[in-house]
Amino acid sequence: MRQGNLDLMIEYAVACLATEDHRKIRKLVREMAQRWPNEKALAIAFSITSAAATFEDILDSTDAIATAQVGYQMAALVSADAFAVEAMGQAPAFGQDLLHFWRRVDPYFLTS
């Protein structure tokens, strides 16, 4: 059975969170938009949220909780950017739309 892109996206996010490197986690958002440009932007946010919840459930330590919180923060920021893109008329927003938005309006995820 072939895995769906959402499953692959969640796996990718979990692997990134497992590094517990906050700089790599910040890059995760950009990397996911580049790797899955034709997936909905909210799928990126959902994947990171799901990965953070999984990571938090599996590892019960202060560091794991802090890492999951960074994941939740990144997912919230991606959701806000997706909302902004959609408010400008591109609905639904896709990964490639986020990349364009970041180049034109908010380079936060491009400068990590």
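The values are calculated or read from the model by the stated rules, or taken from the named source; none is laboratory data. Everything quoted here is computed from the prediction, not taken from an experiment. Accessible surface is based on the protein model in full, side chains and every heavy atom, while ligands, DNA and RNA are left aside. Shrake-Rupley method; radii C 1.70, N 1.55, O 1.52, S 1.80 Å.
Helix-derived [θ] at 222 nm for the chain: sum -39500 (n - 2.57) over DSSP H runs of at least 4, divide by residue count, nearest 500?
-24500 deg cm²/dmol
Please list the equivalent ellipsoid semi-axes of segment 13-112, computed as the square roots of five times the alpha-carbon gyration tensor eigenvalues, in descending order and whole angstrom.
24, 13, 11
How large is the accessible surface per residue of the chain, computed with a 1.4 Å probe and reported in Å² as a whole number?
It amounts to 56 Å² per residue over the chain.
Quote the accessible area belonging to LEU42 in square angstrom, nearest 10, computed with a 1.4 Å probe and with ligands, DNA and RNA left uncounted.
90
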